[in-house]
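Every number in this text was worked out from the coordinates using simple rules, so none of it is lab data. Since we're looking at a predicted model, the values are computed, not measured. For neighbour counting, all protein chains shown are included, and Cβ atoms are generated from backbone atoms with ideal geometry for every residue, glycine included.
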């Protein structure tokens with residue numbers, strides 16, 4: 001029987017993750033993270049997986065709960081290990097510690113008004129900065145491809161800038177995921193809108209980068 005394959009996007013890379021058909025029926029988010037670890041060496045505790053714009057938060061949930069099926073594409077985000085210098089050497093600032101501090105910071109803001117203000121800032125960054133940057137990037141890529149005398153250095157610059165744009169959008173998705181608005185209906189809807197917008201822009205950047213392949 002043919003394996004059940006999920007495509008994983010990680011930064012500028014793509015790689016397949018295979019399950020047997022029987023295995024896939026019972027595969028959890030944690031199972032997918034462990035398979036991703038074998039390829040990326042990213043600690044599963046620092047990973048975030050996104051499917052169809054939603055963060056797959058429950059490690060014990062079946063992949064199907066998040067709509068993941070054979071042939072689906074999942075996006076992997078993982079923070080680079082951060083080290084801080086100390087007298088006796090180096091100690092790791094783990095993603096778990098980072099996320100805890102970040103979430104506590106969001107929770108202490110207090111009130112839906114403050115949360116909405118934060119979300120408005122994110123929406124503004126998306127619409128006023130990243131959307132124009134992505135449109136400009138698309139124009140430059142198409143202009144480059146239409147030039148019969150293509151410069152390899154320009155190709156590298158365009159490819160690197162696509163990676164940069166993707167990283168900026170993933171940072172926004174991290175930020176949106178850390179905004180606590182459980183009891184705020186309007187804020188929750190605005191956060192969802194931000195996630196959907198950022199995810200759509202990520203997909204657009206990926207499509208533009210693929211033109212350079």
In whole angstrom, how far apart do the alpha carbon centroids of the range 48-73 and the range 140-213 sit? 20 Å
Roughly how large, in nm² to one decimal, is the mean projection of the convex hull of the alpha-carbon atoms in the range 4-78? 4.2 nm²
So if R0 is 30 Å, what FRET efficiency would residue 131 and residue 2 give, r being the distance between their Cβ atoms, rounded to the nearest 0.05? 0.15
Cα-based Kirkwood hydrodynamic radius, the range 129-180, one decimal, Å: 12.4 Å
Whole-number D in µm² s⁻¹ for the range 103-213, Kirkwood Cα-pair radius fed into Stokes-Einstein, 25 °C, 0.890 mPa s: 160 µm²/s
For residue 153 and residue 124, what is the calculated FRET efficiency with R₀ set at 30 Å and r taken between the beta-carbons, to the nearest 0.05? 0.35
Give me 188, 75, 69 ranked fewest to most by other Cβ atoms within 10 Å of their Cβ, as a rough exposure proxy. 69, 188, 75
At a threshold of 8 angstrom on Cα-Cα distance, excluding pairs fewer than six apart, so keeping six or more, what relative contact order does the range 109-210 reach in percent? 43 percent
Per residue Cα convex hull volume in Å³ - calculated over the range 34-82: 85 Å³
Which of 48, 192, 128 has the fewest other C-beta atoms within 10 Å, and how do the rest follow up to the most? 128, 192, 48
Separation in nanometres of the label points that stand 7 Å from Cα toward Cβ, at residue 69 and residue 52: 0.9 nm
